[in-house]
Each structure stands twice: as C-alpha cells, then as structure tokens.
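First the structure, in the form of structure tokens, and then the observations on it.
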Amino acid sequence: MLFRHLLPSLFFVCLVSRSPLLYGQSASDRLVTDATITDTTFVDLSDYSDAFIYDMKYATEDNFLKSKVYDCAACLLRLKTVKALVNANENFIKKGYRIKIFDCYRPLDIQKKMWTIVPNPKYVANPAKGSIHNRGGAVDITLVTLDGQEVEMGTSFDFFGQEAAHGYPFLDKKIMDNRKLLKKIMKKNGFVPFDSEWWHYSLSNASKDAVANTKWKCN
C-alpha cells in the first residue's frame, strides 16, 4: 500500500497491508504474526477483518458537507485501534450485530478541506489543532443486524441536533437501549464516547498520538 509523507512537521507513519483475517479470527491472533508492527502503525482495517460493513460517507456527497472530500473509500487506523475495534465487533457479533463504519482515520489535508467548506468548530474540528480522526484513533459507527439492517439510533449520522447526544432523554426505549449497547461494548474495549454524537468513539489515550497526513492509494 502506498504512503506519502506530505508535511515534514508531521509524525511519519507507514501503511502496512496484510492478508485478511479469517471471519471470527481475533485481532490478537493476527498480532502473533504481526509482532514486528508497532501499535501506532497505520493499517487498513479490511486487512484484519472481513466482518465489518462500510458506508464511508465522506467518499460520497451523502454527508452534511454535501461534498465528496475523499478520492476513494478506505478505513485506515492505527494498529492498536484496529485491534480494539475488531475485538469490539466480535462482541457485537455474539449478540447478533455488526459494526457499520462511516469514517475512520482522516488525513490532515482532508480536515483542512472540510474546514474550508464549513469553518465552524461546532461541526468540524479546526485543523490547526487536529482531531482524533486525524490521529488514527477515532471511528464513526453504528450497528447493523447480521443481515445488514441498520439498528435504529434516533438520528442519522452527522445529525447535529440535541437528539444525537448520548444524554438526550426523549427517545423511545428501544433506541436508548441500542445506544446503550453500542456504548457499553465500545467502552469495554477501550473506546471513549463523544457526548454530543452517539456515533463517534475514540480509543482511550489516542489524543497523545501525532496528527498525520498519510494518504492511501486509490485504484
């Protein structure tokens, strides 16, 4: 997989491609054969599990920006984030669900592009500071049933009203239970929820990693 270090001031990271995991194989099993890869290395999630569903919104115009900001869809994350996410997904599968992914690592150049379109910190993190997405430690997700039907969460992804908050009380019990299940298992696997966005989870301590601008190759 191709990597480019475009900004000299940014921490250098590389992308590593591996043969995919067998369905249900844990990330810990894969790490036995990937012992030479550090936890902060950027990898493609699809090389480590085939059990996720993808709907990468920013590779389309179906997002709040109404603009396609990725040239193509990919889910890159630091290896430690991948390990935790695969383990979380295995927990969900045991309960009859799978994770559906809307966004993963976001290069700093993309963050700048988003800021140019919507320069408002209420909706887009200021690239001058960078976000956990820019550090490879955050994912935007929901749950689907094993046959691919989205679980009701009360709002769409990237809905910025108060209804998207974890603490919003005026939702049907089933919706609140769905959000609680998502939060419970993600927290169990080392992720921290974002109070105002039910879909956003960051790996604990991921804020300590460097902002990156590594890009992936589009076919």
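Brief remarks on what is shown
- Checked against (1) under 21 Å from Ser207 (Cβ atoms); (2) touching a helix residue (DSSP H, G or I) at 6+ places or on another chain (Cβ under 9 Å); (3) in a helix (DSSP H, G or I); (4) in contact (Cβ under 8 Å) with a residue 60 or more places away in the chain, Phe102 meets all criteria but (3).
- Qualifying residue in the stretch 69-85 (condition: surrounded by fewer than 18 Cβ atoms within 10 Å (Cβ to Cβ), touching a Leu at 6+ places or on another chain (Cβ under 9 Å) and under 22 Å from Lys217 (Cα atoms)): no
- Any hit, the stretch 164-171, residues being under 22 Å from Ala51 (Cα atoms) and in contact (Cβ under 8 Å) with a residue 12 or more places away in the chain: no
- Flag: Ile101 matches the condition of being buried (at least 20 other Cβ atoms within 10 Å of the Cβ) and under 24 Å from Met153 (Cα atoms).
- Candidate set: the stretch 139-160, residues that are of a type in the set (D, E, K, R) and crowded, with 19+ Cβ neighbours inside 10 Å; chosen: the one modelled with the lowest pLDDT: Asp158
- Considered as a group, the residues in the stretch 172-193 that are free of Cβ contacts under 8 Å to residues at least 24 places away in the same chain and under 16 Å from the mean Cα position of the chain (by Cα) include one that is surrounded by the fewest Cβ atoms within 10 Å (Cβ to Cβ), and that residue is Lys187.
The values are calculated or read from the model by the stated rules, or taken from the named source; none is laboratory data. All figures in this text were calculated on a predicted structure; none of them were measured in a lab. Virtual Cβ from ideal backbone geometry, glycine too; neighbours counted across all protein chains shown.
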